[in-house]
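Taking it in order: structure first as structure tokens, then the write-up.
The values are calculated or read from the model by the stated rules, or taken from the named source; none is laboratory data. These numbers come from a predicted model, not from an experiment. Cβ atoms come from the backbone with ideal geometry, glycine included; neighbour counts cover every protein chain shown. Protein only, heavy atoms only, side chains kept; ligands, DNA and RNA dropped before computing areas. Shrake-Rupley method; radii C 1.70, N 1.55, O 1.52, S 1.80 Å.
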Amino acid sequence: MIARRTFIKGASVLAAAASALSVEPGRAQQAPNSSGSAHATLKAPAGACDCHHHIYDPARFPPSRPEVQQVADARVEDYRLLQRRIGTTRNIVVTPAPYPAPLSDNQATLDAVAKLGPNARGVAIINPAITDAELMALDAGGIRGIRFSLTSGRPGAASTATPEAIEALSKRVNGLGWHVQFNTTAEQIVASEDLLKRLASPIVLDHMAHLPQPAGIDHPAFKIVRGLIEKGRTWVKLSVTYDSSKDGPPGYADVGRIAQAYIKAAPERLVWGSNWPHPSEPNKPDDAVLFDLLAQWAPDEATRNRILVQNPEALYGFGKSA
């Protein structure tokens, strides 16, 4: 029999723990690198995918160059708090741009995909020296694409992102069913038009192709992207480009007009991404508000479901949702 004093003490501890875990209705536990704590108003459909976020875990996976940019409190457990706020259940872990690209620098991404389970996939940063065996290891670990971040000034980017290197790696990863993802300026898209048109693999363009303001869809890059989409092998990520917006938060109206133009033109070639933990943004946005913007960009529920569920299934190889 438990002594009365011991029972009361234990009950008090349980009550305190329950109080600490309780959350006010409509609120969620604060996710690091994100302002606000309210849940998203837009209800995410079953199988909704956040197709662009990063994981930083330098304590467990030190980068090969310790001077590269890091973001604190951006581990898997931190990201799970964000998932609870916005309601997504699938996700794509993208190796952050500053990493120099040897296989060791993708270990945090591979570990995150393994922890997050069958609802996660990854995009790696590699260089031309990677072996076929290493590519197969990445594939087994859930990697489904490679990324060139031409805007980052990443150490070694000039040598690993030459047109020759990009084209050669595109041919190699195409055999695995992967895509090549680009984080580029709109001006770089214009300059690389011929290269983009002849790549062997599917193409994914980050952050709405970084169309600048106030030009927006009148920038020549938009016409090029539309042409690439019409060829049937190019996808665009709908994620807010805070650096290009002149209107700014919370609505980013000018960026929203770009999103609406893409949605009107080719909803079957779009996916959505949070860009958490927003590594280039010192003033962290409210991710629930960013997710809610999708309801303004795509008022039609079927279109949103396509962007959040069906398109990621096709691009990243998830199983069909019920």
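Observations
- Residue 302 over 17 Å from the mean Cα position of the chain (by Cα) and at pLDDT below 95: no
- Take the conditions (1) at pLDDT below 90; (2) of a type outside the set (A, V, I, L, M); (3) open to solvent by 20 Å² or more (accessible area, probe 1.4 Å); residue 160 misses just one of them, which is (3).
- Enumeration of residues in segment 32-60 that are touching a Phe, Trp or Tyr at 6+ places or on another chain (Cβ under 8 Å) and more than 18 Å from residue 121 (Cβ to Cβ): 33, 34, 40, 42
- Test: residue in segment 307-317 that is of a type in the set (A, V, I, L, M), assigned to a helix (DSSP H, G or I) and over 28 Å from residue 195 (Cα atoms): yes
- Considering 57, 50, 78, the condition of being closer than 27 Å to residue 175 by Cα and acidic (Asp, Glu) is satisfied by 50 alone.
- Selected residue (criterion: farthest from residue 202 (Cα to Cα)) from residues of segment 218-245 that are charged (D, E, K, R) and surrounded by fewer than 20 Cβ atoms within 10 Å (Cβ to Cβ): 243
- Single residue of segment 246-282 satisfying the filter (assigned to a loop (DSSP other than H, G, I, E, B) and either in contact with a helix residue (DSSP H, G or I) (Cβ under 6 Å, 6 or more places away or on another chain) or free of Cβ contacts under 8 Å to residues at least 12 places away in the same chain (or both)) that is surrounded by the most Cβ atoms within 10 Å (Cβ to Cβ): 276
- Subset of segment 46-67 (residues that are buried (at least 18 other Cβ atoms within 10 Å of the Cβ), part of a loop (DSSP other than H, G, I, E, B) and touching a residue at least 60 places away in the same chain (Cβ under 8 Å)): 47, 48, 54, 56
- Filtered residues of segment 288-303 (kept if open to solvent by 30 Å² or more (accessible area, probe 1.4 Å) and over 14 Å from residue 264 (Cβ atoms)): 289, 292, 295, 301, 302
- All positions within segment 283-306 that are farther than 20 Å from residue 80 by Cβ and either assigned to a loop (DSSP other than H, G, I, E, B) or aliphatic (A, V, I, L, M) (or both): 283, 293, 294, 295, 298, 299, 300, 302
- Count of segment 92-144 residues, restricted to those that are more than 17 Å from the chain's Cα centre (by Cα), open to solvent by 10 Å² or more (accessible area, probe 1.4 Å) and among the aliphatic types (A, V, I, L, M), is 7.
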